[in-house]
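Peer 1: Let me give you the structure first, and then I'll get to my questions.
The values are calculated or read from the model by the stated rules, or taken from the named source; none is laboratory data. What you see is a predicted model; the values in this text were computed from it and never measured. Quick reminder, even Gly has a Cβ in these numbers, built from the backbone with ideal geometry, and neighbours come from all protein chains shown. To get the accessible areas, we keep the full protein, side chains included, count just its heavy atoms, and leave off ligands, DNA and RNA. Shrake-Rupley method; radii C 1.70, N 1.55, O 1.52, S 1.80 Å.
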Amino acid sequence: MSVVVIVKNEEKRIADCLESVRWADEIIVLDDMSTDKTVEITRRYTDKVFQRKMDIEGVHRNYAYSLAGNEWVLSLDADEKVSPELKDEIAKVVGKGTDCNVFAIPLRNYIGDYWVRWGGWYPAYKDRLFRRGHFRYEEVDVHPRPIYDGKCGRLKGDIIHYSYEDFSELFDSLNNQTSKEAQKWIATGRKMSLGKALWRTIDRFIRSFIAKKGYRDGVIGLVVALNGAFYQILSYAKYWELRRGKKTT
């Protein structure tokens, strides 16, 4: 099995990630031109370190997977690590054989040292284990969708994901991702109205904080729900601004 990790300036976290997959037959790291000690640390675990400037996320990820030499690929980010339970489960699946080409794995997401259990953050299943050649990402720059053929199964062991160090990092990500979302809407000709954006903002908050019991995570649950809601209206505001700019030029 091959483990493929995409990194950029992750000197603080990459060792924990790679330590959790020392057991893999092959570890491949695609580095987005890091300027810290990421590459130096990575070479302690593998000599298969490649560099490529990130352009479009979906394209970048698909290129990374093309470097894998084994039938099965496990996709990780530098802020993630494999739990012992997941390691054992993957060994059984790969060793015994399966009629599934893809497996979704639950992510155990953290903000700082707090495991966010509610609000839809756990189990947050992601398609991360797959047969090479049967899986790829939509080639867009934000939230690319997985595209695959055949069956998709589910595993029980967690990928441990240190999502954000603190609220500041969460909000920085919100600003960055909403800019990319607005640009994607413009690039694909998608139409979005203020009414639809407002409805999605309210609906996202209610589903996260109430329906999915985000309130059980206290202040963190409230912040997570508000962050998800603001994603909708901020994306629309930036979309409106981009469209307005195009009309006046």
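Peer 1: Nothing charged except the Cβ atoms of Lys and Arg (+1) and of Asp and Glu (-1): what's the magnitude of the dipole of the chain about its Cα centre? Round to the nearest 20 debye. Mind dumping the intermediate values first?
Peer 2: On the way: 42 positive and 36 negative charges, 253 e Å.
Charge dipole, the chain, about its Cα centre: 1220 debye, nearest 20.
Peer 1: At 7 Å along the Cα-to-beta-carbon direction for both Glu169 and Leu222, put a label point, then send me their distance in nm to one decimal.
Peer 2: Placing both labels 7 Å along Cα→Cβ, they lie 2.3 nm apart.
Peer 1: Continuing with this model, one more query. Please compute the per residue accessible area over the chain with all protein chains in place, 1.4 Å probe, rounded to a whole number of Å².
Peer 2: With the other protein chains kept in place, the chain gives 53 Å² per residue.
Peer 1: While we're here: Given the Cα-Cα distance of Arg154 and Ser66 and 0.36 nm per residue of separation, how much length would full extension add, in nm?
Peer 2: 29.3 nm
Peer 1: Once phi is turned into ³J(HN,Hα) by the Karplus curve 6.51 cos²θ - 1.76 cosθ + 1.60 with θ = phi - 60°, what whole-Hz value does each residue of region 92-102 show in order, with x for glycine and proline?
Peer 2: 5, 5, 5, x, 8, x, 7, 8, 8, 9, 9
Peer 1: Calculate what fraction, in whole %, of the accessible area of region 1-118 sits on carbon and sulfur atoms when a 1.4 Å probe is rolled over the protein chains.
Peer 2: Carbon with sulfur: 47 percent of the solvent-accessible area.
Peer 1: Could you state the number of Å between the C-alpha centres of region 62-99 and region 166-234?
Peer 2: First find each Cα centre; the distance between them is then 30 Å.
Peer 1: Roughly how tilted is helix 218-247, in degrees to the nearest 10 and between 0 and 90, from the longest Cα axis of the chain?
Peer 2: 70
Peer 1: Sticking with this structure for a sec: Give the longest segment of the chain that steers clear of trypsin sites (Lys or Arg not before Pro) in DSSP loops with at most 12 neighbouring Cβ atoms within 10 Å, not counting the sites themselves.
Peer 2: 54-155
Peer 1: Also: Counting only C-alpha contacts under 8 Å and six or more residues apart, can you give the relative contact order of region 1-118 as a whole percent?
Peer 2: Relative CO of region 1-118 lands at 32 percent.
Peer 1: Now for a different question. Using a Gaussian network model on the chain with a 10 Å cutoff between Cα atoms, which of Asp127, Asp172, Asp31 fluctuates the most?
Peer 2: Taking springs between Cα atoms under 10 Å, the residue moving most is Asp172.
Peer 1: Cross-link list Lys53/Lys180; Lys53/Lys81; Lys92/Lys156: which exceed 21 angstrom alpha carbon to alpha carbon?
Peer 2: Working: Lys53/Lys180 17 Å; Lys53/Lys81 24 Å; Lys92/Lys156 12 Å.
Over 21 Å apart, Cα to Cα: Lys53/Lys81.
Peer 1: Once both labels are modelled 7 Å past Cα along the beta-carbon direction, what's the Arg244-Ser193 spacing in nm?
Peer 2: Label-label distance for Arg244 and Ser193, simple model: 2.0 nm.
Peer 1: Where both residues lie in the chain, what percent of DSSP beta bridges are antiparallel, nearest 5?
Peer 2: About 45 percent, rounded to the nearest 5.
Peer 1: What are the ³J(HN,Hα) couplings of region 45-62, residue after residue, when phi is run through the Karplus curve with 6.51, -1.76, 1.60 and θ = phi - 60°? Round to Hz, x for glycine and proline.
Peer 2: 10, 7, 9, 9, 10, 10, 10, 7, 6, 5, 10, 10, 4, x, 5, 4, 5, 4
Peer 1: Same structure, new question: In percent, what relative contact order does the chain have, based on Cα pairs under 8 Å that are 6 or more apart in sequence?
Peer 2: Rounded, it is 18 percent for the chain.
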